[in-house]
Structures are given as structure tokens and as C-alpha cells.
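Contents: one structure, followed by commentary.
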Amino acid sequence: MTTYYLIRHGETEANQSGILQGHLDVPLSDTGRKQAELAARALSQVEFDEIYSSDLCRAMETARIILAGQENKRAAVVNPEEGLREINCGVLQGKTLAEAEKIWPEVYKELKRDPLNAPRPGGESYLDFYRRAVAAFERIRESVRRKGLTEGAVAIVAHGGTIRSLLAYAKGQVVNPASEAVANCSISVVKEEGSSLAIVKENCVEHLLALGFDPREKAQMYRW
């Protein structure tokens, strides 16, 4: 059955500053490009049949670096999928958590009280975001089945919240917004087993430790 590799995009300057990016189109930082190159090296022999990515540039750039590193290029292009975008943070985009709390204290309080269902003004609730991410994943799975790639490998390059949502879905759960954050350029692996999904690897960062820090620590600091 198909094996799906879920890869978060590399770090951005906004990640480094703790800024809520959401749908903002922010490029990779120099560190993010190095992370993407290390992820590409770790995945170079996987032989992806297809590579899908959020259409935001930080994910697309990461995906293209991974594609360029493939030793046997079965996948010819990166397929953009808008449904894989990060949660739409609405008016909170471009702000840090501290700024959001100061400017919109009631919104911040409600998001803390009910993180799954409370909407971000002008954006999404986490539950709506989860449903969007799952729908995009199911579209990808259906496309893979139609193409007869049922024994292959597929890369999905996306965002921390998107991958958290897909990992929860693979476990048969609704996403918990307070669950462990997904690190930049971490690799998670989900395999189809009949009609079910099994997690083989989750939030793996061993390939990134050569940069001298554990990206999971930074991701946990700024998740929301």
C-alpha cells in the first residue's frame, strides 16, 4: 500500500521571531534552506512517485529542494495543493502571540478557552482547518489510487498544523491543538494498511541535528 511522507517546510524568519504566519507567503530563511537540503539528503533514495505541497512559497521551496535531491526522479514536478495550507489566522497573521494577546485580549482568551472550536477573526477555527486538511489529504489519496500508484511513495510538504492534523487523522482522532508541535523539516511517515492508516514515524529530526540544535524545541515554543 502507499506510504506517505509528511514533511514540514523549513524554517522562516517569521518562525525564528515567533510570528503567526498562517496564510502569509513567507520564504525560507538561510537556516530553512539548509534544513530542506538535509531533509532532501535523508529522502534521496525513497523514490517518490508523486510530490505534493502546500502552495505557499515556504512549502513549495522545500518541496522543490526535496525533488532536486531525488536520485531516481519518478516524480517530475511538485503538485501544489491549496488545501494543505496552514491554518488561516485571520487578523492575527503577522503578529506574535504576545502582540495578539495585547491587541485582541478577548479573542486570545476565547482561543485559550476553546482552542478547537473558537474561530480566529477573519480566519478559521482549528476544527474547520482540520477538516480542510483532511479533505485535501483524501483528494491526494484518491488521485494516487486513480493513477495506480498503490505500492509507491508520496511526499506531502506542508505546515506544522497541517501535519498535526493529518497525524491525528491517521490515529482516528480529531486534532488536539495542544498536541506536540511538528518541527521544521521533520519527517513523519504514514502507511496505508487496507482501509486504515498506520503511523510508522512521527516528527523525526535526526537528519537535522547536524545544524547544532533540536528544531522540536523551537517548534514547541511557538505553537498555537
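Laboratory data are not the source of any read-out in this text; all were calculated from the coordinates shown. Bear in mind the structure is a predicted one, so any value in this text is a computation, not a measurement. Glycine gets a Cβ as well: all are built from the backbone with ideal geometry, and neighbour counts include every protein chain shown.
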Of all DSSP beta bridges with both partners in the chain, the antiparallel percent, nearest 5, is 50 percent
When Ser125, Ser165, Ser196 are ranked with the fewest other C-beta atoms within 10 Å first, the list becomes Ser196, Ser125, Ser165
With 0.36 nm assigned to each residue of separation and the Cα-Cα distance removed, Arg139 to Leu24 gains 39.0 nm
Cα extents of the chain along the principal axes, largest first, in whole Å, come to 51, 38, 24
So Gln16 and Thr96, fully extended at 0.36 nm per residue minus their Cα-Cα distance, gain in nm 27.7 nm
As straight-line cross-link partners of Lys34, the qualifying lysines (C-alpha separation under 24 Å, not fewer than 8 residues apart within one chain) are Lys73, Lys201, Lys218
So the pair-distance distribution of the range 1-75, from every Cα-Cα distance in 5 Å bins, comes to percents of 3, 17, 27, 23, 15, 9, 5, 1, 0
Ordering 178-185, 57-64 by per-residue average of other C-beta atoms within 10 angstrom, highest first, gives 57-64, 178-185
Between Glu110 and Ser196, the two model label points (7 Å from Cα along the beta-carbon direction) sit apart by a distance in nm of 3.9 nm
FRET efficiency (Met1, Asn176; Cβ distance; R0 25 Å; to 0.05) is 0.40
